[in-house]
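Presented below is the structure to which this report refers.
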Amino acid sequence: MNPVSAALLIWYKNNKRILPWREITDPYHIWISEVILQQTRVNQGVDYYLRFVEQWPDVKQLASASEQEVLKMWQGLGYYSRARNMLVAAQEIVNKYNGLFPRSADELKKLKGIGDYTAAAISSIAFDEPVAVIDGNVFRVLSRLFNEETAIDSSAAKTTFRMLADSLLDKSNPGEFNQAIMEFGALHCVPKNPDCRTCPLQDSCLAFALKKVDQLPVKKNKIKIRKRFLHYFIFLQKEQQQCYTLLKYRGSGDVWQGLYDFPCIESDRILSIAELDHEQLFTAIKAVATEIIPIPGIRKHILTHQHLTAKFYVVKCKNGFEHLKNNSLSLVSQTELGNYPLPRLIDQFLHENENLFDNC
DNA sequence: AAGGCGTGGCC
DNA sequence: TGGCCAAGCCT
């Protein structure tokens with residue numbers, strides 16, 4: 001075996017974290033954990049994993065869930081297409097694969113939401129297929145070990161780094177090796193200020209010899225940020241001793257697809273009441289409102305590619321909501337609100353204004 | 001193939 | 001503080 005590979009396996013044996021999906025090889029559990037960990041840190045994902053597999057212990061039970069249930073379980077984790085795709089893939093596995101996971105990476109990749117990385121992770125960990133995983137950790141470790149300056153977000157990166165990863169892969173224990181190199185990247189060969197002084201691979205690391213550790217990996221894309229300004233309207237109406245509000249279903253083509261928030265006016269800056277008066281929705285609101293109460297202050301919500309600024313208004317109503325309802329607006333009681341998947345921004349707002357419905 | 005998609009943690 | 005980053009995938 002390659003001495004670097006052997007050193008990685010020894011390091012892993014001594015340093016790996018105890019995690020709920022370690023030491024098991026059931027493909028369903030490996031799959032759930034891998035999807036949760038896409039672009040997500042272990043600490044953020046572990047509780048979600050435990051709740052998820054408790055609610056749906058196998059692929060057949062997940063396949064019978066509704067999209068809203070799965071998104072509710074995913075609420076707060078982000079990248080919600082992962083949850084929607086998992087439901088589709090679970091149904092595919094039940095209907096086309098008789099409830100049995102495909103065993104090869106090539107076959108796994110045909111499933112919705114399973115790409116190169118996740119396919120390799122499942123097939124190597126659950127089925128011992130000798131395929132190397134390439135994720136952000138592997139890019140970093142390999143670029144430093146081999147002084148590989150190909151930008152990791154270029155189209156050439158896949159080919160280049162696959163050669164390097166395959167050259168190290170321990171084909172007799174691919175699942176263990178793949179987890180070892182990822183864990184090493186996550187815990188030791190970290191992006192900023194790695195402790196090269198105590199690195200078990202120091203003698204083999206070209207970047208260390210060349211004093212280029214802090215310059216690798218190379219990445220070319222810079223993040224562009226879109227600023228958005230949202231005016232949310234929380235309708236309140238009492239009907240038969242119950243308090244109701246209006247939730248907006250967020251369709252495709254924007255952030256939070258499949259989740260619910262409140263009816264909203266978006267603009268290129270925060271508008272005053274007088275300026276809102278020119279908006280069509282606001283005209284409709286005035287038709288049903290007895291009172292429009294601004295919630296003091298504005299709320300900043302920072303996403304990776306968007307900076308959101310939100311202003312909230314309570315709209316007290318005597319009349320019905322008939323003027324406003326359409327197929328993306330639902331009348332929801334305060335009790336039912338908990339069943340709806342909400343973006344973090346909305347969920348936090350509701351938690352910080354728990355008495356909102358009191359004066360309904 | 002370049003851009004869209006969340007949230008939280010780090011310094 | 002704000003910018004970068006995290007076990008990627010889809011279009």
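Here are some notes:
- Of all residues in region A:40-67, those satisfying the criterion of being within 16 Å of DNA strand B (Cβ to nearest atom) and either assigned to a helix (DSSP H, G or I) or closer than 17 Å to A:Ala89 by Cβ (or both) are A:Val42, A:Asn43, A:Gln44, A:Gly45, A:Val46, A:Asp47, A:Tyr48, A:Tyr49, A:Arg51, A:Phe52, A:Glu67.
- Verdict on A:Ala207 being in contact with a helix residue (DSSP H, G or I) (Cβ under 6 Å, 6 or more places away or on another chain), closer than 30 Å to A:Lys13 by Cα and within 15 Å of DNA strand B (Cβ to nearest atom): no
- Considering only residues in region A:91-103 that are closer than 15 Å to A:Ile30 by Cβ and surrounded by 14 or more Cβ atoms within 10 Å (Cβ to Cβ), the one that is farthest from DNA strand C (Cβ to nearest atom) turns out to be A:Arg103.
- Screening A:Asp214 with (1) farther than 30 Å from A:Asn193 by Cα; (2) out of contact with any helix residue (DSSP H, G or I) (no Cβ under 7 Å at 6 or more places or on another chain) gives one miss only, at (1).
- Looking across region A:19-39 at every residue that is in a loop (DSSP other than H, G, I, E, B) and near DNA strand C (Cβ under 6 Å from one of its atoms), the one that is surrounded by the fewest Cβ atoms within 10 Å (Cβ to Cβ) is identified as A:Gln39.
- Residue selection: A:Val190 fails the criterion of being out of contact with any His (no Cβ under 9 Å at 6 or more places or on another chain), within 16 Å of DNA strand B (Cβ to nearest atom) and assigned to a helix (DSSP H, G or I).
- Hits in region A:223-275 - residues which are under 21 Å from A:Arg299 (Cα atoms), of a type in the set (A, V, I, L, M, F, W, C) and in a loop (DSSP other than H, G, I, E, B): A:Ile225, A:Val255, A:Trp256, A:Leu259, A:Phe262, A:Ile270, A:Leu271
- Some residue of region A:88-111 being assigned to a helix (DSSP H, G or I) and in contact (Cβ under 8 Å) with a residue 60 or more places away in the chain: no
- Within region A:216-253, the only residue that satisfies the criterion of being within 16 Å of DNA strand C (Cβ to nearest atom) and hydroxyl-bearing (Ser, Thr, Tyr) is A:Ser252.
- Contact map, region A:75-86: first residue farther than 17 Å from A:Asp47 by Cα, second residue acidic (Asp, Glu) and more than 8 Å from DNA strand B (Cβ to nearest atom), Cβ cut-off under 9 Å, separation 6 or more or different chains; pairs are A:Arg84/A:Glu67.
Laboratory data are not the source of any read-out in this text; all were calculated from the coordinates shown. These figures come from a predicted structure and were not determined experimentally. FYI the Cβ positions are ideal-geometry reconstructions off the backbone, even for glycines, and counts take in every protein chain you see.
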